[in-house]
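Take a look at the structure below.
The values are calculated or read from the model by the stated rules, or taken from the named source; none is laboratory data. Everything quoted here is computed from the prediction, not taken from an experiment. Using ideal geometry, Cβ is built from the backbone for each residue, glycine included, and neighbour counts are taken over all protein chains shown. For the accessible areas, the whole protein counts, side chains as well, though only heavy atoms, and no ligand, DNA or RNA atoms are used. Shrake-Rupley method; radii C 1.70, N 1.55, O 1.52, S 1.80 Å.
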Amino acid sequence: MEDKIATRVREMRFSGIRKFFELVQKAEDIISLGVGEPDFPTPEPIKDAAIRAIENDFTSYTSNYGILELREIIAEKLKKENSLNYDPEKEIIITTGVSEALDLAIRAILNPGEDILIFEPCYVSYRANVFLSHGNPIPVPTYEEDGFKPIPEEIEKRVTKRTKAIIICSPNNPTGTVLNKKDLENIADIAIEHDLIVISDEIYEKLIYDGEKHHSIGSLNGMRDRVITLNGFSKVFSMTGWRLGYAASNEKIIEAMMKIHQYSMLCAPTISQYAALEAFKAEKYVKKMIETYDMRRKLLVKGLNSISGITCVMPKGAFYAFPSIKNLGMSSEEFATLLLKEAKVAVVPGSAFGECGEGYIRCSYSVSREDISEALARIENFVEKVINNARKI
Ligand SMILES: Cc1ncc(COP(=O)(O)O)c(C=O)c1O
């Protein structure tokens, strides 16, 4: 049967995260810092709006672009919070999560054999989506000593005639890096000079700490029509299972994305769209979640740094820490596998996010304080044993 599977799909690797989670599911008494989703319930007003939508029989297909009322609310939000001006009628599309928006954006612009630059370590779907669209994902490595920020010369070096676009993600999964205005201006200059599209994944936009500020690259001079801004409800509003996201860009690009979406998805889930009408009013719930993440972030990073052999920079956004285990003399996959087996703590090996993620592990702080404390104690114990064993050899 193997020969019946498309070559591209056969050549693809399974996500390093998924592979790990299959192991986690088989084991007992595990504390998982491997999760990539909020541990809070969806805010009540959003849930109530979904129940009302069902009671009112708002259960049929919507416009391919999504319900206009939601697009209007999103247009207002983008204008007020992101200084982005897009027409809700033609320049915004509601999608089945950012996952679909990302896939549509790539498929709408990419011809076979064209390149898309990706800053690694990065979210696992970027590479896979470009590959599935018959394009070439071109990694641009970023390093801890640069705060995991892309260096303009490293981007320039990889731009060729084949380059079509750059994907950026700030705040970043897995590093928690937040790109400031200057970082974005550097990327924008390159995009303008070489006539590139920028796909900007802003899904963690509000999960940001220490007074850092989120900027949208689409708001910079000359960028409006060459940026596809992706955002959604999963992370900030704790709505991963509702499968709702959106994209904003110039009319031609959004129309091209809609063309694919109308044949693949038809429309985003209707009940979720009605529920999302209440999301931007749920600020007080979001504020509380951010405060809680912030407390956990400090607890986790302080704890990791107190373990001899591990160092961790303070992440500025999202809900992940990305500590270095380079001093421990094993690969990130070996470390994660042994940690799971011997200490019953699940983390994701940094190599799952690109080659330059080797030597790091991703620990999510989207878990309770108690679980973070217990996980830290287990990791410390485990690392002590690793160091002692190394001394004996
Ligand atoms: C950076 C990033 N983008 C997109 C997604 C997918 O989000 P959604 O649930 O909206 O499809 C994730 C999920 O983990 C993510 O981390």
Virtual spin-label span in nm between Ser63 and Thr311, 7 Å along Cα→Cβ
5.3
Dividing the convex hull volume of the alpha carbon atoms of the range 1-41 by its residue count, what do you get in Å³ per residue?
130
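In the chain, which longest range has no trypsin sites (Lys or Arg not before Pro) that are both DSSP loop (not H, G, I, E or B) and surrounded by at most 15 other Cβ atoms within 10 Å? Let's see the in-between values first.
Working: sites that count: Arg13, Lys90, Lys161, Arg162, Lys213.
It runs 214-393.
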Obtain the nm distance between the two label points defined at Ser368 and Glu22 by a simple spin-label model: each point lies 7 Å from its Cα along the Cα-to-C-beta direction.
3.1
Over the C-alpha atoms of the range 12-163, what are the Rg and the largest Cα-to-Cα span, Dmax, in Å?
20.0, 56
Residue among Glu144, Glu251, Glu193 with the largest mean-square fluctuation in a Gaussian network model of the chain, springs linking Cα atoms under 10 Å
Glu193
Can you tell me the relative contact order of the range 1-144? Whole percent, Cα pairs under 8 Å, sequence separation 6 or more.
17
Using a 1.4 Å probe on the protein heavy atoms, what percent of the accessible area of the range 5-137 belongs to carbon and sulfur?
50
Most fluctuating residue given options Ala191, Ala256, Ala321, as computed from a GNM of the chain linking Cα atoms under 10 Å
Ala256
Quick one: accessible surface of Asp103, probe radius 1.4 Å, all protein chains present, in square angstrom to the nearest 10.
40
Of Asp29, Asp87, Asp115, the one that fluctuates the most in a GNM where the chain has Cα springs shorter than 10 Å
Asp29
Accessible area per residue in Å² at 1.4 Å probe, computed on the range 325-393
47
Within the range 240-277: backbone nitrogen closer than 18 Å to the Ile54 label point (7 Å, Cα to C-beta):
240-244, 269-277
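Expressed in nm to one decimal, what extension gain is obtained for the pair His194 and Leu338 from 0.36 nm per residue of sequence separation less their Cα-Cα distance?
Gain on extension, His194 to Leu338, equals 47.3 nm.
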Cut-off under 5 Å, modelled amide H: who pairs with Thr163 long-range
Asp115
How big is the range 81-223 by Rg and Dmax over its Cα atoms, in Å?
14.5, 44
Accessible surface of the range 147-215, 1.4 Å probe, proportion on carbon and sulfur as whole %:
48
Report the relative contact order of the range 60-106, percent, no decimals, based on alpha-carbon pairs under 8 angstrom and at least 6 residues apart.
36
Nearest-0.05 FRET efficiency for Ile387 and Asp29 at R0 = 35 Å, using Cβ-Cβ distance, is 0.90
How high is the relative contact order of the chain, in percent, counting Cα pairs under 8 Å that sit 6 or more residues apart?
23
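Express the accessible area of the range 72-118 per residue in Å², computed with a 1.4 Å probe while the remaining protein chains stay in the model.
For the range 72-118, the solvent-accessible area averages 37 Å² per residue.
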